[in-house]
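Read the structure below first, then the notes.
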Amino acid sequence: MSELITRRSVLAGAGAGAALTTLPISMVTLAFGGTREDFTFTYISDAHIQQIKGASFVRNWDMGLKRAVAEANLMKPESDFVIFGGDLGQLGKREELDHGAEMLSHLKGKLHAVMGEHDFYLDLGDYWSKLYGPHYYSFDHKGVHFVVLNSILTSEQWTFHRWPTAEQRMLEMAGLDNPNGSPFMVGDKQRKWLANDLAKVDKKTPLVVFSHSPLQKIYKGWNFWTDDAEEVQALLRPFDSVNVIYGHVHQIQYNQIGNISFNSVMATAWPWPYPQSYAQAESHLPVLTIPMNRADPFFERDATGWQLIDIGSGRVTARYQLWDNDSRTVAFDHKAGHPVDVAYQEPTQRRLPQNHF
Amino acid sequence: MLRSTLLLAFGLAAIGAPAARADEFTKADVDRYQKEFEQVAAKGRELWTSGALGTNGVACGQCHPNAANTHPETYPKFQKQLGKVAQLFEMANWCIRNPLQGSNLAPDDPRMTALVSYITFERRGVKLAPGQH
Ligand SMILES: [Fe+2]
């Protein structure tokens, strides 16, 4: 356990002679083999910037994103780059994407963006592309191969032939539990691109894949789901160490399927219930996941936040910066071969839970 | 006996009421009662997902898909932030005032009835657990 001292806290200490205030963060740095270096990047996701009208936006969601950006900028040492995990806007409007992008523009360091369904289904990602470029791409950093996928596509029929207007299409997909929605998928074309992209990469190179929806199947009714998850997983299987990081679910989840570790990230906007709290349907939260406590609406930022992601030995340590909860760290346990919560994984270490119901 | 029957007949005739008794209802009636409820619950779902209850366009369903994490079976219960035992409609109003930036609905406002109908419909089959935290 150690602490990262923020620039803010350093200033506070120097100015008033007050005790240093620090953001407590448990450091789980794992030994790194070979020539690769350990490094950290920042992950902010699901801001859902929502226009009321004209220049007014929902204050609550604005504050979440602003706070994440401000805190990320205060971290020391600085992280290598930033990922925004999708759903920058609520209804994909230019006004929303512009307002969100303006806030994100204050971030230090290079920003890589992931497409969310709320960014896409108004104009099929056209305006988002003007801000952030291609919908899927890859890059390399310090010996790790990073892949950004657009996992929120769906069938041609639903996308092009089902709805009379683009606005209605966006609204139908924006309702998480809307039975008129459609299951997410990566799709043939992008899977072909992925296969080609990965063909150039040595199987010993650690892979980190970013998607908006989980590349695993948890609950179809809320699209905690990607329809062709198994096909994508098959392309990732030949690699020694693979990590998938996804947004969309607005809650902590983690899992291990074969060689692939899965970590979700928090939203800055609002939390979602765990799917088991919906009594009328079956869902499959990974058994590894120790859920968060039930969110308390009286704390506006409860169960929202952002994260620092450490890469060590080709595996992910997700350090959740939770504003109204104690922070949590989910790290890959090399002995167990899967991610664990470093504090709460053992049943004897759990707190009195606020159950999900 | 005869007297009371006569009196009853007289009474009914006098107020012109139909000759139905308390326990006389048909399958058609039961279906109609059910339909009435379902229509109100459907209206509740519409309000839940529409953003029309507040002033900022935020909808209840944004945080509560399928009305999950509202646990109507636990109300009334103590809410430490309200400092008292509260009913479900009070929590619904809290959300309308805060995240939705709107104003309270009366407990018997048809819209509140619709919301509570929808919330409880999505929790059908779950055991009552009043007061549970
Ligand atoms: Fe989201």
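The values are calculated or read from the model by the stated rules, or taken from the named source; none is laboratory data. Note that the structure is predicted; figures quoted are calculated from it, not measured. Neighbour counts run over all protein chains shown; Cβ positions are idealised from the backbone, glycine included. Just the protein is used for accessible areas: all its heavy atoms, side chains included, with ligands, DNA and RNA removed. Shrake-Rupley method; radii C 1.70, N 1.55, O 1.52, S 1.80 Å.
Some notes on this structure:
- Scanning the stretch B:72-90 for residues that are modelled with pLDDT of 95 or more and in a loop (DSSP other than H, G, I, E, B) yields B:75, B:76, B:87.
- Remark: residue B:62 falls outside the filter, which requires a residue to be within 25 Å of residue A:250 (Cα to Cα) and modelled with pLDDT under 95.
- Hits in the stretch A:264-296 - residues which are of a type outside the set (A, V, I, L, M, F, W, C), within 11 Å of chain B (Cβ to nearest Cβ) and open to solvent by less than 10 Å² (accessible area, probe 1.4 Å): A:273, A:274, A:275, A:277
- Any hit, the stretch A:103-110, residues being free of Cβ contacts under 8 Å to residues at least 60 places away in the same chain, within 21 Å of residue A:241 (Cβ to Cβ), more than 16 Å from the ligand (Cβ to nearest atom) and surrounded by fewer than 19 Cβ atoms within 10 Å (Cβ to Cβ): no
- Put simply, of B:83, B:125, B:57 the only residue that is at positive phi, facing another protein chain (nearest Cβ under 10 Å) and open to solvent by 50 Å² or more (accessible area, probe 1.4 Å) is B:125.
- Test: residue in the stretch A:150-158 that is assigned to a helix (DSSP H, G or I), β-branched (Val, Ile, Thr) and open to solvent by 10 Å² or more (accessible area, probe 1.4 Å): no
- Residues of the stretch B:93-117 satisfying the condition of being open to solvent by 10 Å² or more (accessible area, probe 1.4 Å) and not in a loop (DSSP other than H, G, I, E, B): B:94, B:95, B:97, B:110, B:111, B:113, B:116, B:117
- Check on residue A:254, within 15 Å of the ligand (Cβ to nearest atom), in contact with a Pro (Cβ under 6 Å, 6 or more places away or on another chain) and among the hydroxyl-bearing types (Ser, Thr, Tyr): no
- The set of residues in the stretch A:58-87 that are surrounded by 17 or more Cβ atoms within 10 Å (Cβ to Cβ), away from the ligand (no atom under 16 Å from the Cβ) and within 14 Å of chain B (Cβ to nearest Cβ) is empty.
- Checked against the criterion of being within 16 Å of the ligand (Cβ to nearest atom) and either more than 14 Å from chain B (Cβ to nearest Cβ) or within 22 Å of residue A:318 (Cα to Cα) (or both), the candidates A:225, A:193 yield just one match: A:225.
- Any hit, the stretch A:124-134, residues being open to solvent by less than 40 Å² (accessible area, probe 1.4 Å), within 16 Å of the ligand (Cβ to nearest atom) and over 22 Å from residue A:62 (Cβ atoms): yes
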